[in-house]
Amino acid sequence: MTVVPAGEGFVGLVRAGGTVRIIDLEGNQAADTLLYDAHDLDNRYSAFDTIREQRSAYLTTGSQLLSTELDVLMTLTADTVGRHDTIGGACSQESNVLRYGEHTRHMHACRETFLRTGAQVGIGARQLTHNINFFMNVPVTSDGGLSFADGLSSPGQYVELTAERDVFVLISNCPQLNNPCNGWNPTPIQVVVREPA
Amino acid sequence: MLVAHDVPGGAAWSVRVRAGRELRCTALGPDANLSLLLLRADDPLDRLNVPDTLKAQMSACVRAPMVLMSDRGIGLATVTGSSLDWHDALCGHSTDVHVAPFGLTSYQDVRNERRVSARAGLLSELRKHGRDRADLHGSVNLFSKVALDDSGGLARVPGWSAEGDWVTLRSEVELLVLMSTSIHPLATTWAPPPVRVEISEAPADESARLFRDESARALEQAARAVV
Ligand SMILES: [Zn+2]
């Protein structure tokens, strides 16, 4: 059981049949998450393969989180929120500059956390990919619109993922201050990894 | 015109393109698909980042005059125009699993008529440049539309593009452009038409700069990508 403050990262091995629970302790906090086959880092979470195969833009209970090889890395087996984003990607210093202007360049961002934390298990810039944003609300519309809306989660809400093979779970607890994805106030999350029964 | 090349249906191609070129892609038959990846030629670790492109420009698809943005916040290319107002950006690219229902075929049996998925084609092109699976990011599927409903459901629109439909891209930095004309992963038949790619000097274009502040900033960053 680990409390991950805002702006910090987590990486952990979840063995096949084990689970990881990510708890939004204070509500409305984005947990940017990547998954990797622990024995083949290039067989990694693929947002667009996952979206396409489930024919839905959002993740919720039952979503099978697929890899680039179309293997099920993890299944979302519990979700007290109801809907999570996997289109919006992670924040970076560079994308903050594009979205909010040059004055945000030196604000802390998820991509740095992914790189610093991922390095512990061999995940570098080449291995980074398009992530899941648990507890984040990015509605898309039939006319092709996309927006960052207020989060849907409240204190204590959680997701639980069951590993279908040995998986590295890499999390950046998002430090974004420039949009409502963290309710303008980034707060801690808790991560609980359980060994297979 | 500097280069014109017809990519046969179901094939893959890659080309290095200098900054300031126009790539005009034209469907040579109905229901085309062109799965596209972009890497910076001088720094291939900086790749087209579809999520960053969509969120910065508040769009769930690619359309003119959006700027296609990289992992490191560089405007790689501008979609300067298109006869279509929706190009799919959410469905990745076809794999052997998507080609299998139409019959995966071998070179031994059918020679160059064999059916190759977009992923196999894009990987083949990536490998020629010393790249591999680790470099395979989300692609854009030009000429394809996957409609969204208001609950987030997805359904491919058959027949979205017709012969003669086109899209133009302006390279903002020197690029490695990788493309496959294999089927869209949600296609229900195997009938990928060829796509003509014409590369020429790009005319000046202000459409993206005027479109959104985010698009304009991506072009500013492109201009100072290498100082
Ligand atoms: Zn973030």
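Looking only at helices (runs of 4 or more DSSP H) that lie completely in segment B:84-160, which have at least 3 residues being out of contact with any Phe, Trp or Tyr (no Cβ under 9 Å at 6 or more places or on another chain) and under 17 Å from residue B:189 (Cα atoms)? I'd like the intermediate steps shown before the answer.
Details: elements: B:96-99, B:107-110, B:118-128.
The helices (runs of 4 or more DSSP H) meeting that bar are B:96-99.
Residues that are closer than 27 Å to residue B:74 by Cβ, open to solvent by less than 10 Å² (accessible area, probe 1.4 Å), away from the ligand (no atom under 16 Å from the Cβ) and more than 8 Å from chain B (Cβ to nearest Cβ): does segment A:51-69 have at least one?
no
Filter segment A:140-158 for residues that are at pLDDT 95 or above, in a loop (DSSP other than H, G, I, E, B), among the small types (Gly, Ala, Ser) and closer than 17 Å to residue B:66 by Cβ and give the result.
If the condition is that a residue be at pLDDT 95 or above, in a loop (DSSP other than H, G, I, E, B), among the small types (Gly, Ala, Ser) and closer than 17 Å to residue B:66 by Cβ, then A:144 is the only one that fits.
Buried (at least 24 other Cβ atoms within 10 Å of the Cβ) and either touching a residue at least 40 places away in the same chain (Cβ under 8 Å) or over 14 Å from the mean Cα position of the chain (by Cα) (or both): does that describe residue B:69? I'd like the intermediate steps shown before the answer.
Working: buried (at least 24 other Cβ atoms within 10 Å of the Cβ): yes; either touching a residue at least 40 places away in the same chain (Cβ under 8 Å) or over 14 Å from the mean Cα position of the chain (by Cα) (or both): yes.
In short, yes.
Out of A:9, A:17, A:27, which single residue is away from chain B (no Cβ under 14 Å) and either crowded, with 24+ Cβ neighbours inside 10 Å or within 16 Å of the ligand (Cβ to nearest atom) (or both)? Can you show your working first?
On the way: A:17 fails: either crowded, with 24+ Cβ neighbours inside 10 Å or within 16 Å of the ligand (Cβ to nearest atom) (or both); A:27 fails: either crowded, with 24+ Cβ neighbours inside 10 Å or within 16 Å of the ligand (Cβ to nearest atom) (or both).
The match here is A:9.
Checking residue B:144 against (1) surrounded by fewer than 19 Cβ atoms within 10 Å (Cβ to Cβ); (2) closer than 21 Å to residue B:77 by Cβ, only one condition comes out false. Which one?
(1)
For residue B:169, indicate whether it is more than 14 Å from chain A (Cβ to nearest Cβ) and in a strand (DSSP E or B).
Numbers: more than 14 Å from chain A (Cβ to nearest Cβ): yes; in a strand (DSSP E or B): yes.
Considered against the rule, which asks whether it is more than 14 Å from chain A (Cβ to nearest Cβ) and in a strand (DSSP E or B), residue B:169 comes out as yes.
Give segment A:40-50 a look and list any residue that's touching a Gly at 6+ places or on another chain (Cβ under 9 Å) and either open to solvent by 30 Å² or more (accessible area, probe 1.4 Å) or acidic (Asp, Glu) (or both), or say none.
A:41, A:49
Mind checking whether some residue in segment A:34-42 is over 14 Å from residue A:118 (Cα atoms), more than 16 Å from the ligand (Cβ to nearest atom) and not in a strand (DSSP E or B)?
Within segment A:34-42 (the criterion being over 14 Å from residue A:118 (Cα atoms), more than 16 Å from the ligand (Cβ to nearest atom) and not in a strand (DSSP E or B)), the answer is yes, since at least one residue qualifies.
Could you tell me whether residue B:116 is open to solvent by 10 Å² or more (accessible area, probe 1.4 Å), of a type in the set (A, V, I, L, M) and at pLDDT 95 or above? Give the steps one after another, and end with the answer.
Numbers: open to solvent by 10 Å² or more (accessible area, probe 1.4 Å): yes; of a type in the set (A, V, I, L, M): yes; at pLDDT 95 or above: yes.
When the stated conditions are applied, residue B:116 passes them.
Return the only residue of B:78, B:95 being more than 7 Å from every other protein chain (Cβ to nearest Cβ) and of a type in the set (Ser, Thr, Tyr).
On the way: B:95 fails: more than 7 Å from every other protein chain (Cβ to nearest Cβ).
Unique residue meeting the criteria: B:78.
When segment A:75-93 is examined, which residues are found to be in contact (Cβ under 8 Å) with a residue 24 or more places away in the chain and not in a loop (DSSP other than H, G, I, E, B)? Break it down into steps so the answer makes sense when it comes.
Start the filter on segment A:75-93 by keeping residues that are in contact (Cβ under 8 Å) with a residue 24 or more places away in the chain, which leaves A:75-91.
Those that are in contact (Cβ under 8 Å) with a residue 24 or more places away in the chain and not in a loop (DSSP other than H, G, I, E, B): A:75, A:76, A:77, A:78, A:79, A:84, A:85.
Go through segment A:80-93 residue by residue and tally those that are more than 12 Å from the ligand (Cβ to nearest atom) and facing another protein chain (nearest Cβ under 7 Å). Break it down into steps so the answer makes sense when it comes.
At the first step, the residues of segment A:80-93 found to be more than 12 Å from the ligand (Cβ to nearest atom) are A:80-84, A:86-87.
In the following step, the residues that additionally are facing another protein chain (nearest Cβ under 7 Å) were identified as A:87.
Residues in segment A:80-93 being more than 12 Å from the ligand (Cβ to nearest atom) and facing another protein chain (nearest Cβ under 7 Å): 1 in total.
Condition first: within 23 Å of residue B:16 (Cα to Cα) and either open to solvent by 30 Å² or more (accessible area, probe 1.4 Å) or modelled with pLDDT under 95 (or both). Can you find one or more residues in segment B:86-98 that meet it? Before the answer, list the steps.
To start, the set of residues in segment B:86-98 that are within 23 Å of residue B:16 (Cα to Cα) comprises B:87, B:89, B:92-93.
Now drop any that are not either open to solvent by 30 Å² or more (accessible area, probe 1.4 Å) or modelled with pLDDT under 95 (or both), which leaves none.
Checking segment B:86-98: not a single residue is within 23 Å of residue B:16 (Cα to Cα) and either open to solvent by 30 Å² or more (accessible area, probe 1.4 Å) or modelled with pLDDT under 95 (or both).
Checking the condition crowded, with 24+ Cβ neighbours inside 10 Å and either within 7 Å of chain B (Cβ to nearest Cβ) or in a helix (DSSP H, G or I) (or both), which residue from A:96, A:133 passes? Lay out the reasoning, then the answer.
Working: A:133 fails: either within 7 Å of chain B (Cβ to nearest Cβ) or in a helix (DSSP H, G or I) (or both).
Of A:96, A:133, the one residue that is crowded, with 24+ Cβ neighbours inside 10 Å and either within 7 Å of chain B (Cβ to nearest Cβ) or in a helix (DSSP H, G or I) (or both) is A:96.
Is one or more of the residues making up segment A:99-106 within 12 Å of chain B (Cβ to nearest Cβ), small (Gly, Ala, Ser), open to solvent by less than 30 Å² (accessible area, probe 1.4 Å) and within 15 Å of the ligand (Cβ to nearest atom)?
No - not one qualifying residue is present in segment A:99-106.
When you scan segment A:181-197, how many residues do you find that are at pLDDT below 95 and either in contact with a His (Cβ under 8 Å, 6 or more places away or on another chain) or surrounded by 15 or more Cβ atoms within 10 Å (Cβ to Cβ) (or both)?
Total satisfying the criteria: 3.
Just the residues that are open to solvent by 10 Å² or more (accessible area, probe 1.4 Å), within 14 Å of chain B (Cβ to nearest Cβ) and within 16 Å of the ligand (Cβ to nearest atom), please, taken from segment A:137-178.
Once the filter is applied, which keeps residues that are open to solvent by 10 Å² or more (accessible area, probe 1.4 Å), within 14 Å of chain B (Cβ to nearest Cβ) and within 16 Å of the ligand (Cβ to nearest atom), segment A:137-178 yields A:137, A:148, A:149, A:178.
Exactly one condition in (1) within 16 Å of the ligand (Cβ to nearest atom); (2) out of contact with any strand residue (DSSP E or B) (no Cβ under 9 Å at 6 or more places or on another chain); (3) more than 24 Å from residue B:56 (Cα to Cα) is false for residue A:197; which is it?
Only one criterion is unmet by residue A:197, namely (1).
Considering segment B:32-63 alone, what residues qualify as being out of contact with any helix residue (DSSP H, G or I) (no Cβ under 9 Å at 6 or more places or on another chain) and outside any strand (DSSP E or B)?
B:32, B:41, B:42, B:54, B:63 - these are the residues of segment B:32-63 that are out of contact with any helix residue (DSSP H, G or I) (no Cβ under 9 Å at 6 or more places or on another chain) and outside any strand (DSSP E or B).
The values are calculated or read from the model by the stated rules, or taken from the named source; none is laboratory data. The shown structure was predicted, so the numbers you read here are calculated from the model rather than taken from an experiment. Counting neighbours? That spans all protein chains shown, and the Cβs are built from the backbone with ideal geometry, glycine included. Just so you know, the surface numbers come from the protein's heavy atoms only, side chains and all, with ligands and any DNA or RNA stripped out. Shrake-Rupley method; radii C 1.70, N 1.55, O 1.52, S 1.80 Å.
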